[in-house]
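These notes are about the structure you will find just below.
The values are calculated or read from the model by the stated rules, or taken from the named source; none is laboratory data. The structure displayed is predicted, hence computed values, not measured ones. As a convention, Cβ positions derive from the backbone with ideal geometry for all residues, glycine included, and neighbour counts pool all protein chains shown.
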């Protein structure tokens with residue numbers, strides 16, 4: 001039986017270095033392809049006004065402006081309009097004495113920047129092997145997806161487990177489930193979060209609900225960690241198929257893959273599957289409620305944006321959706337690698 005413990009060191013900085021390229025790509029796109037700073041130098045604009053002028057949908061506009069605010073290049077005035085900070089006004093407006101925009105524009109045609117511009121303009125994630133009709137790292141009925149191909153699903157699921165092995169034991173120690181008997185892990189992947197909760201709660205049983213190809217990898221984890229007697233694997237589509245009823249339902253790093261409408265739908269579906277007095281746990285990264293950072297999460301949001309139909313969200317956004325589903329959210333609990341858990345109770 002494999003161990004599953006809390007790491008001695010904190011790997012958060014490694015993830016920050018890894019995602020740093022998205023800062024380069026978003027900043028260069030803003031300067032060289034969208035002239036965000038030149039436009040706002042002429043007149044402050046609301047998000048809706050900036051969307052219209054840049055011809056961007058809401059999701060890419062939020063991803064872009066959140067990152068620029070986190071870089072302290074944009075700020076909001078009392079009227080709720082975006083305007084330039086002092087450093088942006090001096091250094092990123094064409095024609096100013098100390099303008100460095102031309103220097104940044106040396107990267108304007110680099111592959112990463114051009115790919116980011118394409119994602120921003122189309123509001124679509126990258127497809128498989130250049131197939132724009134696909135969605136590489138999420139499953140949606142009728143779309144080509146890595147989650148439906150055995151080798152790709154295994155590769156991606158195992159890759160995500162590297163982070164989960166670090167985070168899952170921490171979350172299991174911080175959220176006691178002594179009074180629960182059934183945990184439903186929606187989109188649970190390898191099942192590592194369920195396994196951590198099972199290790200911490202001997203009375204608990206768990207169901208991991210995911211796509212069939214993903215669950216082939218989960219079968220190996222269930223055996224390796226010795227939890228086969230207490231962990232059930234159930235395949236299905238979380239947006240279409242009935243969800244098993246449970247005392248606790250976990251959405252760990254799931255909602256950030258989806259746009260607002262899908263997030264609200266999934267939260268409502270989970271709320272309906274909770275037993276009386278049950279809890280829904282959203283475990284994910286959190287943007288500031290003002291959508292102005294932190295910078296590492298703003299850059300991770302850009303990564304999510306390019307690979308999925310989602311982005312990072314704030315606790316305020318999650319709490320609003322939870323309350324609309326009839327649940328009462330508690331304050332976020334920090335776990336590891338920028339993640340937090342929001343526990344929401346049903347009546």
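For (1) at pLDDT below 95; (2) touching a strand residue (DSSP E or B) at 6+ places or on another chain (Cβ under 8 Å); (3) surrounded by fewer than 22 Cβ atoms within 10 Å (Cβ to Cβ), each residue gets a yes or a no:
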site	(1), (2), (3)
152	yes, no, yes
158	yes, no, yes
161	yes, no, yes
164	yes, yes, no
171	no, yes, no
184	no, yes, no
200	no, no, yes
206	no, yes, no
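Scanning the stretch 186-198 for residues that are assigned to a helix (DSSP H, G or I) and either out of contact with any strand residue (DSSP E or B) (no Cβ under 8 Å at 6 or more places or on another chain) or on the phi > 0 side of the Ramachandran plot (or both) yields 192, 196.
Going by what's in this entry, would residue 16 be described as touching a helix residue (DSSP H, G or I) at 6+ places or on another chain (Cβ under 8 Å) and in a strand (DSSP E or B)? When the stated conditions are applied, residue 16 does not pass them.
Search the stretch 246-275 for residues being part of a helix (DSSP H, G or I) and within 15 Å of residue 189 (Cβ to Cβ), and hand back the single one that is nearest to the chain's Cα centre (by Cα).
Initially, the stretch 246-275 is screened for residues part of a helix (DSSP H, G or I), giving 255-257, 260-273.
Among the residues that remain, those that are also within 15 Å of residue 189 (Cβ to Cβ) are: 255-257.
Values: 255: 6, 256: 3, 257: 6 Å.
Among them, the one singled out is 256.
Within the stretch 134-150, can you find the residues that are under 28 Å from residue 279 (Cα atoms) and either at pLDDT 90 or above or in contact with a helix residue (DSSP H, G or I) (Cβ under 8 Å, 6 or more places away or on another chain) (or both)? Answer for the stretch 134-150, where residues must be under 28 Å from residue 279 (Cα atoms) and either at pLDDT 90 or above or in contact with a helix residue (DSSP H, G or I) (Cβ under 8 Å, 6 or more places away or on another chain) (or both): 137, 138, 139, 147.
Of 107, 70, all but one fail to be touching a helix residue (DSSP H, G or I) at 6+ places or on another chain (Cβ under 6 Å), more than 22 Å from residue 42 (Cβ to Cβ) and either buried (at least 21 other Cβ atoms within 10 Å of the Cβ) or free of Cβ contacts under 8 Å to residues at least 12 places away in the same chain (or both); the exception is 70.
Out of 83, 90, one residue alone is at pLDDT 95 or above, assigned to a helix (DSSP H, G or I), assigned by TED's automatic domain parsing to the domain that holds residue 21 and surrounded by fewer than 18 Cβ atoms within 10 Å (Cβ to Cβ). It is 90.
Scanning the stretch 268-284 for residues that are crowded, with 23+ Cβ neighbours inside 10 Å and farther than 23 Å from residue 336 by Cβ yields a count of 2.
For the stretch 221-235, state whether one or more residues are touching a strand residue (DSSP E or B) at 6+ places or on another chain (Cβ under 8 Å), under 30 Å from residue 303 (Cα atoms) and in a helix (DSSP H, G or I). There is at least one residue in the stretch 221-235 that is touching a strand residue (DSSP E or B) at 6+ places or on another chain (Cβ under 8 Å), under 30 Å from residue 303 (Cα atoms) and in a helix (DSSP H, G or I).
Restricting attention to the stretch 173-182, which residues are touching a strand residue (DSSP E or B) at 6+ places or on another chain (Cβ under 7 Å) and assigned to a loop (DSSP other than H, G, I, E, B)? Passing the criteria: 175, 177, 180, 181.
Take the residues of the stretch 285-312 that are part of a helix (DSSP H, G or I) and surrounded by fewer than 20 Cβ atoms within 10 Å (Cβ to Cβ): which is modelled with the highest pLDDT?
295
Selection over the stretch 281-333 of residues that are touching a strand residue (DSSP E or B) at 6+ places or on another chain (Cβ under 7 Å), closer than 27 Å to residue 22 by Cα and free of Cβ contacts under 8 Å to residues at least 40 places away in the same chain gives a count of 4.
You will find that of 40, 26, 47, the residue that is crowded, with 17+ Cβ neighbours inside 10 Å, assigned by TED's automatic domain parsing to the domain that holds residue 76 and in contact with a strand residue (DSSP E or B) (Cβ under 6 Å, 6 or more places away or on another chain) is 40 and no other.
Residue 25 - would you say it is assigned to a helix (DSSP H, G or I) and within 23 Å of residue 285 (Cα to Cα)?
yes
Restricting attention to the stretch 219-248, the residues being over 17 Å from residue 203 (Cβ atoms), surrounded by 19 or more Cβ atoms within 10 Å (Cβ to Cβ) and free of Cβ contacts under 8 Å to residues at least 60 places away in the same chain number 4.
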